[in-house]
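The values are calculated or read from the model by the stated rules, or taken from the named source; none is laboratory data. Keep in mind the model is a prediction, meaning the values are calculated, not measured. Reconstructed Cβ throughout: ideal geometry from the backbone, glycine too, with neighbour counts over all protein chains shown.
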Amino acid sequence: MVSALPSVPLTLGAHRVVRGIRVEHLCGDPTLSPESDRELMLLIARTALRAIKTQVQEPTLFEREETQAPSVHRELVGAS
Amino acid sequence: MTRPLKIVQYLNQFFGGIGGEEYNDQPVQVIEGPVGPGRALANILGDTVAVTATIIAGDNFLVEEQDRSLPPVRQALRKYQPDLVVAGPAFDAGRYGLGCALICQLANETGINAVTGMEPDNPGVMSQKGLYVIPTGSSPAEMVPALRKMAALGLKLARKEEVGSAEEEEYLPRGIRKPFNRHKQGAERAVDMVLGRIKGEPVASEISIRQYDQVDPPPPIDDLSRYSVALITTAGIVPRGNPNRQSTEIPRNYFAYSIAGVDSLTVQNWESVHTGFKGHVYNTLNPNYALPLPALRELDRIGEIGQLHDRFYSVVGGGCPVSDARRIGRGIATELTDADVEAVILEST
């Protein structure tokens, strides 16, 4: 699963958790250029595929491997 | 020696030995002595208690034809004058659970104590108020341990002994609060709990919180290029106008929508009905942020996944009882399994 607040599903026992961007725009970032935003969404989806391909024993967080990814603007999230 | 206590047990057509689902319209019949699970119950109870009669009826008949089904049950209870009625256990069988609850309620109305057993999510649990229900698993393989617990509580009820709290006696909370004096203020009790924790002593919370299921992680899939992948979102993404009237706050159900031939969601055609996202990004800019369809189309095109399932599932992530969440999850999982989907990416907002 992709979650903007990974600590919640990890605490509850979800096995494969991918860090999303924000609750209000989970799989992308409207502050980026359309091209960078598209790359970011693809990277999140690929991270999810990597999670599905990975053996896990316990709740595990999968971070994006940001080598060729755009930097993501992070701020505090008002959870909903 | 005192006279043996008398028990009457209720069983459905299946456990009563009449037959399966095709016999669910069987009328009420009363048989002297124990039947099926009643024999196990009699063994557990020993010589001081006798299962004097067994009431058997078809699940549908008992619940749906109460004008005809309940009078013979009342008559049997008058005839046998039991000290206790034992209904079921029904495990996760919904209509059987409703029937057991109905029988217990009827017994209570005539002044006879009753106990039943069923899975905590069985609709029978909530169908009547104030019943003694022992929680069971979902499988009849647990018959004997379930009967053992029902017998322990049932004996107290039959002997009109005082019954302790739900926690002490292991029955499901009946929604009845009994005021009592803890003799210490809340603040003192909280400090006591903290100190207990620090000292490593067992500390019991005063509020019971239901445990979540622990599920084993499914094995990884090495080569996704051979499999179908589906998307689920909790952002309540629906076709604009919300044709199924999906709830905007607390999810009661799930909905599936076709994305066949769609490469990207637009705000003209799709919206999030989640009350938390009104006027926000998913509705004004880009619903794909809650359902990364363009990315999955791309991964499908370049062969990193076998294919993208042509329906996505939508629920509104909100305060949801565990039982509803489980029902919704099971429903989605069953449909996806039937559609040969092997992997799912859940967008959890």
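For B:Leu98, the test of being free of Cβ contacts under 8 Å to residues at least 40 places away in the same chain and either crowded, with 21+ Cβ neighbours inside 10 Å or farther than 23 Å from B:Leu5 by Cβ (or both) is passed.
If you go through the range B:100-158 and keep only what is among the polar types (S, T, N, Q) and in a helix (DSSP H, G or I), you end up with B:Gln105, B:Asn108, B:Ser127.
Among the residues of the range B:310-349, those identified as in a strand (DSSP E or B), modelled with pLDDT of 95 or more and either small (Gly, Ala, Ser) or surrounded by fewer than 16 Cβ atoms within 10 Å (Cβ to Cβ) (or both) are B:Ser314, B:Ala343. Considered as a group, the residues in the range B:82-95 that are out of contact with any Phe, Trp or Tyr (no Cβ under 6 Å at 6 or more places or on another chain) and crowded, with 24+ Cβ neighbours inside 10 Å include one that is modelled with the lowest pLDDT, and that residue is B:Gly88.
Condition check ((1) without any contact (Cβ under 8 Å) to a residue 24 or more places away in the chain; (2) more than 13 Å from chain A (Cβ to nearest Cβ)) across all residues:
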position: B:Ala256; (1), (2): no, yes
position: B:Leu265; (1), (2): no, no
position: B:Asn286; (1), (2): yes, no
position: B:Pro294; (1), (2): no, no
position: B:Leu308; (1), (2): no, no
position: B:Arg311; (1), (2): no, yes
position: B:Ser314; (1), (2): no, yes
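Considering the range B:161-180, and only residues there that are closer than 17 Å to B:Ala151 by Cβ and surrounded by fewer than 12 Cβ atoms within 10 Å (Cβ to Cβ), the residue that is farthest from the chain's Cα centre (by Cα) turns out to be B:Glu161.
Residues in the range A:1-47 that are at the interface with chain B (Cβ under 7 Å from one of its Cβ atoms), among the β-branched types (Val, Ile, Thr) and either surrounded by fewer than 21 Cβ atoms within 10 Å (Cβ to Cβ) or under 9 Å from the mean Cα position of the chain (by Cα) (or both): A:Val2, A:Ile44. Scanning the range B:233-252 for residues that are closer than 16 Å to B:Arg311 by Cα and either of a type in the set (Ser, Thr, Tyr) or touching a residue at least 40 places away in the same chain (Cβ under 8 Å) (or both) turns up B:Thr233, B:Thr234, B:Ala235, B:Gly236, B:Ile237, B:Val238.
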